[in-house]
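The values are calculated or read from the model by the stated rules, or taken from the named source; none is laboratory data. Note that the structure is predicted; figures quoted are calculated from it, not measured. So basically every Cβ, Gly included, is an ideal-geometry build from the backbone, and we count neighbours across all protein chains shown. Protein only, heavy atoms only, side chains kept; ligands, DNA and RNA dropped before computing areas. Shrake-Rupley method; radii C 1.70, N 1.55, O 1.52, S 1.80 Å.
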Amino acid sequence: MFGINKICTFGIASPIWIILYGYPYPSDINPNLKKIMEILGLTIDIKEINSIYNNTPCNKGDILVYGNHAKNCIVFDLYKDPTDQLDVINFGVVCKKSISEKVRELVEAMLNETDKKVKISGYDFTSPRWAHCVVNGENYIYSYVKQAIIYCDK
(Lines give C-alpha, C1' and ligand atoms only; values in the text may rest on other atoms or scores of the structure.)
Protein backbone atom coordinates (compact mmCIF):
# COMPACT_ATOMS: atom_id res chain seq x y z
CA MET A 1 0.00 0.00 0.00
CA PHE A 2 1.07 3.52 -0.68
CA GLY A 3 -0.18 6.88 0.45
CA ILE A 4 -2.71 7.53 3.17
CA ASN A 5 -4.94 4.51 2.59
CA LYS A 6 -6.43 6.07 -0.54
CA ILE A 7 -4.46 4.21 -3.18
CA CYS A 8 -2.58 0.95 -3.47
CA THR A 9 0.36 -0.02 -5.66
CA PHE A 10 1.29 -3.47 -6.87
CA GLY A 11 4.28 -4.48 -8.93
CA ILE A 12 6.06 -7.55 -10.23
CA ALA A 13 9.10 -8.36 -12.33
CA SER A 14 8.50 -10.78 -15.17
CA PRO A 15 9.56 -11.46 -18.75
CA ILE A 16 7.73 -9.01 -21.00
CA TRP A 17 6.12 -11.78 -23.05
CA ILE A 18 4.45 -13.24 -19.93
CA ILE A 19 3.17 -9.80 -18.84
CA LEU A 20 1.78 -9.01 -22.29
CA TYR A 21 0.67 -12.39 -23.60
CA GLY A 22 0.40 -14.78 -20.63
CA TYR A 23 1.74 -18.21 -19.77
CA PRO A 24 1.43 -21.20 -20.15
CA TYR A 25 -1.18 -20.51 -22.84
CA PRO A 26 -0.15 -17.30 -24.66
CA SER A 27 -2.92 -15.35 -26.37
CA ASP A 28 -3.36 -11.98 -28.09
CA ILE A 29 -3.28 -10.41 -24.63
CA ASN A 30 -2.65 -11.80 -21.15
CA PRO A 31 -6.17 -12.43 -19.74
CA ASN A 32 -5.14 -11.01 -16.36
CA LEU A 33 -3.77 -7.85 -17.97
CA LYS A 34 -6.99 -7.56 -19.99
CA LYS A 35 -9.09 -7.78 -16.81
CA ILE A 36 -6.94 -5.16 -15.07
CA MET A 37 -7.37 -2.83 -18.06
CA GLU A 38 -11.15 -3.39 -17.95
CA ILE A 39 -11.33 -2.65 -14.21
CA LEU A 40 -9.34 0.57 -14.69
CA GLY A 41 -11.18 1.52 -17.89
CA LEU A 42 -7.99 1.60 -19.96
CA THR A 43 -7.17 0.53 -23.49
CA ILE A 44 -3.49 -0.14 -24.13
CA ASP A 45 -1.84 -1.22 -27.37
CA ILE A 46 0.39 -4.05 -26.11
CA LYS A 47 1.97 -4.52 -29.52
CA GLU A 48 3.24 -0.94 -29.27
CA ILE A 49 4.70 -1.63 -25.83
CA ASN A 50 6.39 -4.75 -27.16
CA SER A 51 7.78 -2.78 -30.11
CA ILE A 52 9.10 0.00 -27.87
CA TYR A 53 10.82 -2.57 -25.66
CA ASN A 54 12.32 -4.44 -28.62
CA ASN A 55 13.73 -1.20 -30.02
CA THR A 56 15.23 -0.04 -26.71
CA PRO A 57 19.00 -0.42 -26.37
CA CYS A 58 20.55 -2.10 -23.32
CA ASN A 59 20.98 0.01 -20.19
CA LYS A 60 18.10 2.26 -21.33
CA GLY A 61 14.33 2.18 -21.07
CA ASP A 62 11.55 4.52 -20.08
CA ILE A 63 8.65 4.04 -17.70
CA LEU A 64 5.29 4.16 -19.49
CA VAL A 65 2.24 5.19 -17.44
CA TYR A 66 -1.28 4.63 -18.80
CA GLY A 67 -4.18 6.23 -16.96
CA ASN A 68 -4.45 8.70 -14.11
CA HIS A 69 -1.07 8.46 -12.40
CA ALA A 70 -2.45 9.51 -9.01
CA LYS A 71 -5.51 7.23 -8.88
CA ASN A 72 -5.73 4.41 -11.43
CA CYS A 73 -2.96 3.52 -13.86
CA ILE A 74 -0.87 0.73 -15.33
CA VAL A 75 2.90 1.11 -15.38
CA PHE A 76 5.44 -0.62 -17.62
CA ASP A 77 9.07 -0.07 -16.61
CA LEU A 78 10.90 -0.97 -19.81
CA TYR A 79 14.46 -0.62 -18.51
CA LYS A 80 16.73 -3.18 -20.22
CA ASP A 81 19.36 -4.42 -17.82
CA PRO A 82 22.53 -5.26 -19.78
CA THR A 83 22.88 -8.57 -17.90
CA ASP A 84 19.25 -9.67 -18.35
CA GLN A 85 18.78 -12.56 -20.76
CA LEU A 86 15.07 -13.09 -20.07
CA ASP A 87 13.70 -9.69 -21.14
CA VAL A 88 12.38 -8.95 -17.66
CA ILE A 89 10.40 -5.76 -17.12
CA ASN A 90 8.74 -4.31 -14.06
CA PHE A 91 4.97 -4.10 -14.32
CA GLY A 92 2.67 -2.42 -11.88
CA VAL A 93 -0.68 -0.93 -11.08
CA VAL A 94 -1.73 2.09 -9.05
CA CYS A 95 -5.39 1.88 -8.04
CA LYS A 96 -7.99 3.18 -5.65
CA LYS A 97 -8.31 1.18 -2.49
CA SER A 98 -11.93 0.35 -3.36
CA ILE A 99 -10.80 -1.90 -6.24
CA SER A 100 -7.44 -2.96 -4.83
CA GLU A 101 -8.40 -6.48 -3.76
CA LYS A 102 -9.47 -7.55 -7.26
CA VAL A 103 -6.44 -5.87 -8.84
CA ARG A 104 -4.14 -7.52 -6.29
CA GLU A 105 -5.58 -10.93 -7.19
CA LEU A 106 -4.95 -10.33 -10.89
CA VAL A 107 -1.39 -9.06 -10.39
CA GLU A 108 -0.74 -12.03 -8.12
CA ALA A 109 -2.06 -14.34 -10.86
CA MET A 110 0.46 -12.76 -13.24
CA LEU A 111 3.19 -13.42 -10.69
CA ASN A 112 2.07 -17.05 -10.51
CA GLU A 113 2.29 -17.28 -14.32
CA THR A 114 5.88 -16.09 -14.06
CA ASP A 115 6.72 -18.58 -11.34
CA LYS A 116 5.58 -21.43 -13.61
CA LYS A 117 8.28 -20.50 -16.12
CA VAL A 118 11.10 -18.74 -14.25
CA LYS A 119 11.99 -17.95 -10.65
CA ILE A 120 12.74 -14.29 -10.14
CA SER A 121 13.84 -13.05 -6.77
CA GLY A 122 13.99 -9.45 -5.67
CA TYR A 123 10.51 -8.32 -6.68
CA ASP A 124 8.54 -6.16 -4.30
CA PHE A 125 4.86 -6.94 -4.69
CA THR A 126 3.47 -4.07 -2.63
CA SER A 127 5.57 -0.96 -3.27
CA PRO A 128 7.51 -0.86 -6.53
CA ARG A 129 10.49 1.48 -6.78
CA TRP A 130 8.66 3.73 -9.24
CA ALA A 131 5.52 4.15 -7.11
CA HIS A 132 6.37 7.39 -5.33
CA CYS A 133 7.59 9.11 -8.51
CA VAL A 134 4.60 8.06 -10.62
CA VAL A 135 1.97 8.94 -8.01
CA ASN A 136 3.56 12.38 -7.57
CA GLY A 137 3.62 12.99 -11.34
CA GLU A 138 7.40 13.32 -11.57
CA ASN A 139 9.10 13.19 -14.97
CA TYR A 140 12.19 11.16 -14.09
CA ILE A 141 13.34 8.46 -11.73
CA TYR A 142 16.96 7.94 -10.81
CA SER A 143 17.74 4.35 -9.98
CA TYR A 144 20.15 2.29 -12.05
CA VAL A 145 20.12 5.03 -14.69
CA LYS A 146 18.04 8.15 -15.27
CA GLN A 147 14.70 7.00 -16.70
CA ALA A 148 12.01 9.21 -18.20
CA ILE A 149 8.49 8.65 -16.92
CA ILE A 150 6.14 9.04 -19.88
CA TYR A 151 2.48 9.70 -19.14
CA CYS A 152 0.85 8.20 -22.22
CA ASP A 153 -2.66 9.59 -21.72
CA LYS A 154 -1.71 13.28 -21.58
*Might you report the magnitude of the Cβ-based charge dipole of the range 9-151 about its Cα centre, with Lys and Arg at +1 and Asp and Glu at -1, to the nearest 20 debye?*
200 debye
*How much mean residue ellipticity at 222 nm does the chain get from its helices, if each DSSP H run of length 4 or more adds -39500 (n - 2.57) and you divide by all residues, to the nearest 500 deg cm²/dmol?*
-9000 deg cm²/dmol
_Students often check this: by mean Cβ neighbours within 10 Å, which of 88-94, 29-35, 48-54 ranks highest, and how do the rest follow?_
88-94, 29-35, 48-54
*Would you work out the relative contact order for the chain, in percent, from Cα pairs under 8 angstrom that are 6 or more residues apart?*
35 percent
_Using distinct alpha-carbon pairs, which all enter the 1/r mean, Kirkwood radius of the chain in Å_ = 15.3 Å
*Write down the accessible area per residue of the chain in Å², having rolled a 1.4 Å probe over the full set of protein chains.*
52 Å²
